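The values are calculated or read from the model by the stated rules, or taken from the named source; none is laboratory data. Here the structure is a predicted model, which means the values were calculated and not measured. Don't worry about glycine lacking a Cβ; one is built from the backbone with ideal geometry, like all the others, and counts go over all protein chains shown. Please note that ligands, DNA and RNA were not included when accessible areas were found on the heavy atoms of the full protein model with its side chains. Shrake-Rupley method; radii C 1.70, N 1.55, O 1.52, S 1.80 Å.
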Amino acid sequence: MSKFRIQIADESNREYVFAEIWYEDQLIAEIIQETGQAEIVLYTEVSTIFNYHDFVRAVESAKKHLFCE
């Protein structure tokens, strides 16, 4: 079972909705669309090792949810 969780968020100080990627209880990244295309913002302060395939699936899932693909 993946430790990743995707949450679509909408904040009043942002023009567009965005997708948060959580690993266990830590926010590690956001998929944003401020420039009209998908961009990723990483929030890790310490070196963390993720399973590559799980991380890629989480990023793709976030993008699909955000862009309704």
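Figures for the structure shown
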{"quantity": "All positions within the stretch 49-69 that are surrounded by 12 or more Cβ atoms within 10 Å (Cβ to Cβ) and among the β-branched types (V, I, T)", "calculated": "V59"}
{"quantity": "Checklist (1) open to solvent by less than 50 Å² (accessible area, probe 1.4 Å); (2) out of contact with any strand residue (DSSP E or B) (no Cβ under 8 Å at 6 or more places or on another chain); (3) not aromatic (F, W, Y) applied to A29, failing item", "calculated": "(2)"}
{"quantity": "Search result, residues across the stretch 1-59 that are touching a Leu at 6+ places or on another chain (Cβ under 8 Å) and either outside any loop (DSSP other than H, G, I, E, B) or closer than 17 Å to E69 by Cα (or both)", "calculated": "I8, V17, F18, A19, E20, I21, I28, A29, I31, Q33, A38"}
{"quantity": "Cross-chain or 6+ apart pairs with Cβ under 9 Å, the stretch 46-69 first and of a type in the set (A, V, I, L, M, F, W, C), then part of a helix (DSSP H, G or I)", "calculated": "F50/A58"}
{"quantity": "Positions within the stretch 1-41 being over 14 Å from A58 (Cβ atoms) and touching a residue at least 24 places away in the same chain (Cβ under 8 Å), in sequence order", "calculated": "V17, F18, Q33"}
{"quantity": "Complete set of residues in the stretch 20-69 that are touching a Lys or Arg at 6+ places or on another chain (Cβ under 7 Å) and among the small types (G, A, S)", "calculated": "A38"}
